[in-house]
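To start, the structure under review is shown below, and the notes come after it.
Read-outs throughout are calculated quantities, based only on the coordinates presented, and are distinct from any laboratory measurement. Values in this document were obtained by computation on a predicted structure and should not be read as measured data. Cβ placement follows ideal geometry from the backbone for every residue including glycine, while neighbour counts extend to all protein chains displayed.
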Amino acid sequence: MQSKKLSFKQYLIIGSMLFGMFFGAGNLIFPIHLGQLAGAHWLTAGLGFLLTGTLLPLLGIIAISVTRSTGIYDLARPIGKRYATLFMVLTCATLGPLFATPRTATTPFQIGIAGHVSASQAPLFLAGYSLIFFGITYWASRQPSGIMAAIGKLLNPAFLILLALIFGFAFAQPLGKANTAKVTASYQTGAFLNGFLQGYNTMDALAALLFGIVVVNAIRGLGQHNPTAIAKTAAKSSLLSIALEALIYLGLIWIGATSLTAFKLSVDGGLAFSQIANAFLGIPGEIILAIMATLTCLTTAVGLSSSFSEALHAKFPRIAYRTWNQLACGASFLIANIGLDQIIAWSTPMLMFLYPLAITLIILSITSPLFRRDSMVYRWTTALTLIPACLDALNAAPAIITRQAWVQNLLALDAKYLPFAKYGMDWVAPALIGLAIGLSQYAIRRALAAHAIKMNQE
């Protein structure tokens, strides 16, 4: 089918939508915190962060267009229907009411309000703030067709203006020198890989698998129909948004590194960002930052809630979109009230489990035309990725789990036999082995089939 040539304005609209949907809570706080952790090694850590924070989400959207998938379930279906359902539900829950969506409310609260109320008052203020926040989210996500216009035309420019104001002060009057900032122990030698893992916390690669179909459908609506043309359009339209995201990430990481001269290492990036804004602009700076964080997190919350509801309604059509949306917003409100630090602590093991599976799925999907989307290639790669992914999840779990004797024994075996285990990358070697086995089986079957055809012809 012939595809329509898009105008620059249309590319810009798609890129703006991508930026607005991806850039949310974690995209603000984790780069700042990474900069504080990496110190003088901020650039090396930042490059690792960019791989999982910008490149991988784009590849996720391209994977959906290349495979002509209708969503995350369809993308994972070659591995098996049960696996695809489980992976979809876990991803939707992680991006929905379990972790990502509640974090969209707790992050701006931590940045703009938490520092100005007492510890005893904080729970009450958080409850009120999150109730209003998710009330607006529910109202806006009732009609998901309006997301594209709202994000691209209103919220993105407002967010970028506020962010530019903070950056202007930060670069004009830096708090210190990033290249001489203290480097924490784990970033002395493993800055790049640690930055790569910190990029998991943005959850953008998982988000790409969930609402990538929204982007693909938007491109189709503009006249593109061929999967190759859609993939190229997604890549081209994303160049601006990815370049902008990359510059913002590196800027935030640098600001985090410079802040170590004025402040101690913070427990999370939300508190650090609040301190930095106060140092430059005082209370007005914190107000600006709180508005900025609320705007960007609200766009992400609407995108996540509507995508969560659409995905699960498509899979389980007996439950209405409205019901799923009520569940997403209601549960997100409840979980948001346990606080940002607890949400981050419990989300990390889930991300360490899901991300290796998502990365291998994205790579397999993009390269699937080379092996005709053969299920055995998918299954071998995924099967050998699952075990180390489970071990990585255990290793990243809170102390109440990791101090158990049986967990310690498993992690000791993991560190002994699998390379890069201490960096949380022990899944790489098994995944490559599984890929090699799957491709070998595919090649042998193809060769045998070709030989059988030749024998029949003779």
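Compared with the dominant principal axis of the Cα atoms in the chain, helix 56-66 is inclined by about 40°. Among Ile288, Ile62, the order by Cβ neighbours within 10 angstrom, fewest to most, reads Ile288, Ile62.
Grab the DSSP H runs of the chain that are 4 residues or longer, score each as -39,500 (n - 2.57), total them, divide by all residues and round the 222 nm result to the nearest 500 deg cm²/dmol.
Values: 20 runs with 339 residues, N = 458.
Here the helix-only value at 222 nm equals -25000 deg cm²/dmol.
To the nearest ten degrees, helix 375-396 and the longest principal axis of the Cα atoms of the chain are 30 degrees apart.
When the charge dipole of the chain is built from unit charges on Cβ atoms (+1 for Lys and Arg, -1 for Asp and Glu) and taken about the Cα centre, the candidate among Leu247, Leu124, Ile13 whose Cα reaches farthest toward its positive end is Ile13. Using Cα atoms only, what is the angle between the long axis of helix 8-22 and the major principal axis of the chain, expressed in degrees (0 to 90) to the nearest 10? Once rounded, the angle reads 70 degrees. Give me the one-decimal nm value for the distance between modelled label points at Val117 and Gln342, 7 Å along each residue's Cα-to-Cβ direction. Reported label-point gap for Val117 and Gln342 is 1.5 nm.
The local environment of Thr348, defined by Cβ-Cβ distances under 15 Å, has a net charge of -2 under the rule Lys, Arg +1 and Asp, Glu -1.
For the chain, what percent of Cα pairs sit more than 35 Å apart? Present the calculation step by step, with values, prior to reporting the outcome.
On the way: 31850 of 104653 pairs.
Pairs farther apart than 35 Å: 30 percent.
Applying a threshold of 21 Å to the alpha-carbon distances of Lys177/Lys422; Lys81/Lys236; Lys9/Lys236 flags Lys177/Lys422; Lys81/Lys236 as lying beyond it.
Rg(Cα) of the range 340-458 divided by 2.2 N^0.38 Å?
Details: Rg = 18.8 Å, N = 119, 2.2 N^0.38 = 13.5 Å.
Scaled against compact globular proteins, the figure is 1.39.
Spatially, the range 361-386 and the range 65-123 are offset by 24 Å when compared through their Cα centroids. Distance between the modelled labels on Phe316 and Leu131, one decimal in nanometres: 2.8 nm (7 Å Cα→Cβ projection).
For the chain, give the magnitude of the charge dipole about the Cα centre (Cβ charges: +1 Lys/Arg, -1 Asp/Glu; no others), in debye to the nearest 20. Provide the component values of the computation, followed by the final result.
Details: 28 positive and 12 negative charges, 253 e Å.
Magnitude of the dipole: close to 1220 debye.
Under the convention that each Lys and Arg Cβ holds +1 and each Asp and Glu Cβ holds -1, the size of the dipole of the range 340-458 around its Cα centre is about 340 debye. Measuring nothing but how far apart in sequence close Cα pairs (under 8 Å, 6+ apart) lie, relative to its length, the chain scores a relative contact order of 31 percent. In plain terms, the residue of Met17, Met350, Met425 with the fewest other Cβ atoms within 10 Å comes first and the most crowded comes last, giving Met425, Met350, Met17. Computed from the C-beta positions of Ile400 and Ala447, the FRET efficiency with R₀ = 56 Å rounds to 0.60.
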